[in-house]
Amino acid sequence: MSTRARTYDAQVLQRARVSDHLVRLVLGGPGLADFASTGVPDEWVGLVVPGQFQSRYYTVRDWSGGELTLDVVVHDVGLVTEWAARDITGESVTVTEPKGSFAMPPGAGWLILVGDLTAMPAMARITTSVDVPVHVWAEVPDELGDYLAAYSSVHWMAPPADGVSRLAEAVEQIEWPGGDGYFWMAGESAQMRAIRKHLMREKRLPSTA
């Protein structure tokens, strides 16, 4: 039997442009009084905006003081893009209860993060939650040099002109640190499948990793 995710009503308290393709929304209001973070740094929520009935999922950039911060990627077209492109302060939205998947083992000695612009909020939060060396491969169209923790080793990649991500190719060239560590990725589904296939074949990771 499936369990319907709990939902919360919220209002847009603030809207700010982080970069050309990233908009920050700060949500609050009494409807979030019972909202509780999972504590998992890549946790995400479903967001339903006015006039829509389907959730779009976004990483929680921050949850503190009863306010929920989401950094939303805006594209050339899209339902949430059109909504977030204007002044939406004061409008009502619905968010679902958060879920997360990041589970770095206690004995890990390093962390590798790989992702595109949609992964940046999660990678930013992850980098501030661990105390091991962090190596990041980020394929983003914007200048986000101050977005990640300063102590992270970041390899910035500009998206190719043909629009086809090169993240899988980048992972194939990684010189992996010694010892045990943890690998996390997020991005376009075809690239994630290619990366997973490479890791299973070359690094002997299990199919459930």
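The values are calculated or read from the model by the stated rules, or taken from the named source; none is laboratory data. If you're wondering where the values come from, they're calculated on a predicted model, not measured in any experiment. For neighbour counting, all protein chains shown are included, and Cβ atoms are generated from backbone atoms with ideal geometry for every residue, glycine included.
Out of the residues in segment 1-28 meeting the condition of being touching a residue at least 24 places away in the same chain (Cβ under 8 Å) and outside any strand (DSSP E or B), tell me which one is surrounded by the most Cβ atoms within 10 Å (Cβ to Cβ).
Selected residue: 21.
Any residue at all in segment 97-120 that's of a type outside the set (Asp, Glu), out of contact with any helix residue (DSSP H, G or I) (no Cβ under 6 Å at 6 or more places or on another chain), touching a residue at least 60 places away in the same chain (Cβ under 8 Å) and farther than 30 Å from residue 175 by Cα?
Scanning segment 97-120 turns up at least one residue that is of a type outside the set (Asp, Glu), out of contact with any helix residue (DSSP H, G or I) (no Cβ under 6 Å at 6 or more places or on another chain), touching a residue at least 60 places away in the same chain (Cβ under 8 Å) and farther than 30 Å from residue 175 by Cα.
Which condition does residue 41 not pass, out of (1) modelled with pLDDT of 95 or more; (2) surrounded by fewer than 20 Cβ atoms within 10 Å (Cβ to Cβ); (3) not hydroxyl-bearing (Ser, Thr, Tyr), if it passes all the others?
All conditions are met except number (2).
Take segment 138-164 and flag every residue that is under 20 Å from residue 192 (Cα atoms), surrounded by fewer than 21 Cβ atoms within 10 Å (Cβ to Cβ) and touching a residue at least 12 places away in the same chain (Cβ under 8 Å).
Across segment 138-164, the qualifying residues are 141, 154, 155, 156, 157, 158, 159.
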